[in-house]
1. Can you sort 24, 58 from fewest to most other Cβ atoms within 10 Å of each residue's own Cβ?
2. Mind sorting 181, 62 by how few other Cβ atoms lie within 10 Å of their own Cβ, fewest first?
3. Which angle from 0 to 90°, rounded to the nearest 10, does the C-alpha axis of helix 196-205 make with the longest principal axis of the chain?
4. Could you give the angle, 0 to 90 degrees to the nearest 10, between helix 159-170's Cα long axis and the longest principal axis of the Cα atoms of the chain?
5. May I ask you to sort 20, 191 by Cβ crowding, counting other Cβ atoms within 10 Å and putting the fewest first?
6. For segment 143-203, what is one quarter of the convex hull surface built on the Cα atoms, given in nm²?
7. Could you give the length gained on full extension between residue 102 and residue 35, defined as 0.36 nm per residue of separation minus the Cα-Cα distance, in nm?
8. Between residue 336 and residue 294, what FRET efficiency follows from the Cβ-Cβ distance if R0 is 35 Å, with the result rounded to 0.05?
């Protein structure tokens, strides 16, 4: 029995990066031997075990063969004669197909990492390259590749690997992926350092057309240069999500940033570059995309609010107090003030990302509309709704409570402006 540390932890150590998780492959062992050593079996499709002390995962060396379409439909083979190289061959990218010994040390007699597929060379040349023809057997690897491009955004995709991705798209394999796995990869990619790279890769191979035609059609759609110097809506969206990533904002903010302008892709050609009522169309498209990808309810709900209200939140200073009140009410700002801050973060990404790109020296300037929104929220919070409701309820006028509280909050906003 021999145990090796493989995958991302090896790659990250060679890059000098911290690694959160370590994966291990066990060569020359049986499930019975692992159990006898105190390991706990947890694998469903193939033998995976938890270490008795560290609880880290140890998988028996395996090979796999495609037996169906999409992500599912694989036949796995594990036995004591499966070699480390055979196990590494089934992995996605060369930079993820290297090995150390169990303790994280080099194991080659010449003092080198076990690297049968040239992963170290690809690290040096900053190239994302598939390991073998097995890459084309799993369409989910297209999304994994795109996600790694978002993490290692200075890396380029090898031409032959991009060709395999295009092949998977052309053969209809991308359409076979289950929604949960698609969203898992998309959401993880949104949380990487430069999420725009993920969408660049998905667009280049044609996968984005399948996964989200709503997003894909934004490229080439013009906007007024007065408000959008980048003009192209697709480019704008990429700037927005990268801005949110640079700020370290959470997934809900980044997804809202990604989807807030989906309606611009369906603007009638005869009114371009204007986009009248695109917010209404955006809300419908956000709902459809969220349902198709099985996006978490709270993430989808916040994206819907941002799509509907980002324009209004940017011009509160121009509105009457009653309108300001109603915008914040639709955002549910009083009940969920922390989420309201995240909504404003997404709006900041929309407004400030273009400034950060076009005028880098002004990128640190505050988003002025935030102060307007928070001042209005503070004014609404200052109203004691209970004190207003109590006498009306005692006088049998409960039906007037809602309007009375609303008027008091509007008046508070008026005094705060």
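1. 24, 58
2. 181, 62
3. Approximately 60 degrees, to the nearest ten.
4. 70 degrees
5. The order, fewest Cβ neighbours first, is 20, 191.
6. For segment 143-203, averaging the hull's shadow over all directions gives 3.8 nm².
7. 22.3 nm
8. According to the calculation, E is roughly 0.95.
No lab work stands behind these numbers, since they all come straight from the coordinates. All figures in this text were calculated on a predicted structure; none of them were measured in a lab. Neighbour counts run over all protein chains shown; Cβ positions are idealised from the backbone, glycine included.
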